[in-house]
Amino acid sequence: MTLRAIRLGLWALVAVSAVLAGALWWMHESGEPARFASTQPAAYGDAFGGPFELVDQHGNSVTEAALLGKPTALFFGFTHCPDVCPTTLFEMSRWSETVDPSGDSLNVVFISVDPERDTPDALASYMSAFSDRIVALTGEPDVVRDVLRRYKIYSRKVGDGEDYTMDHTASVFLLDAAGRFRGTVAHGESRDTALAKLGRLIEETGT
Ligand code: NI
């Protein structure tokens, strides 16, 4: 091998190393913003929520005042949901009993994304399986649709006829006593994490 060939080989090695180092640095740097971007407070922020008038499982008219005065755990779903909704409602009931034994410190609210099937009566019989602490809300489809839009809730009908299901946002939303968005408990997050978040919510933003 000539000296020239060795020198070329070394330069090639240096060039490849530089490209690799650059790629690693780029992956590292670009990974950070992506991770921060996926946290939700920025995505919801001040534009989250607003006034509404819906109907609860007892047929009473309920406004956004149900989300005020103390912190709130708010969940959107539907009674025909096979898995995520019943699991989450069961968990919310247990969280509430743990972080708020007296039932005075936390609103627990469910809003239907399927008002066509979730009448107040349907909500009443469904909620009896969970906790009487949960305020379950529905309304006219266009009213509910407007609420979902303002709370930035994704929901989509999947399938036709009577057997359709709904894709929907599965996070539990945490609001302070003024109804402002403070964070979420994601579906599948551990009970310990959920309890820590709710405890902090009550401690920092409760009245
Ligand atoms: Ni569901």
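Here is how the numbers come out for the structure above:
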| quantity | calculated |
| --- | --- |
| Enumeration of residues in region 108-149 that are more than 14 Å from the ligand (Cβ to nearest atom), touching a residue at least 60 places away in the same chain (Cβ under 8 Å) and part of a strand (DSSP E or B) | Val135, Leu137, Thr138 |
| Condition check for Thr184: modelled with pLDDT of 95 or more and within 17 Å of Pro71 (Cβ to Cβ) | yes |
| Odd one out for Asn60, checked against (1) away from the ligand (no atom under 16 Å from the Cβ); (2) in contact with a helix residue (DSSP H, G or I) (Cβ under 9 Å, 6 or more places away or on another chain); (3) in contact (Cβ under 8 Å) with a residue 60 or more places away in the chain | (3) |
| Matching residues, region 179-207, being small (Gly, Ala, Ser) and in contact (Cβ under 8 Å) with a residue 12 or more places away in the chain | Gly179, Gly183, Ala186, Ala194, Gly199, Gly206 |
| Cross-chain or 6+ apart pairs with Cβ under 8 Å, region 159-172 first and more than 9 Å from the ligand (Cβ to nearest atom), then acidic (Asp, Glu) | none |
| Count of region 83-107 residues which are surrounded by 14 or more Cβ atoms within 10 Å (Cβ to Cβ) and part of a loop (DSSP other than H, G, I, E, B) | 3 |
| Members of region 49-68 found to be buried (at least 18 other Cβ atoms within 10 Å of the Cβ) and not small (Gly, Ala, Ser), listed by number | Phe52, Leu54, Val55, Asp56, Gln57, Val62, Leu67 |
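The values are calculated or read from the model by the stated rules, or taken from the named source; none is laboratory data. A quick note: this is a predicted structure, and the numbers were derived from the prediction, not measured. So basically every Cβ, Gly included, is an ideal-geometry build from the backbone, and we count neighbours across all protein chains shown.
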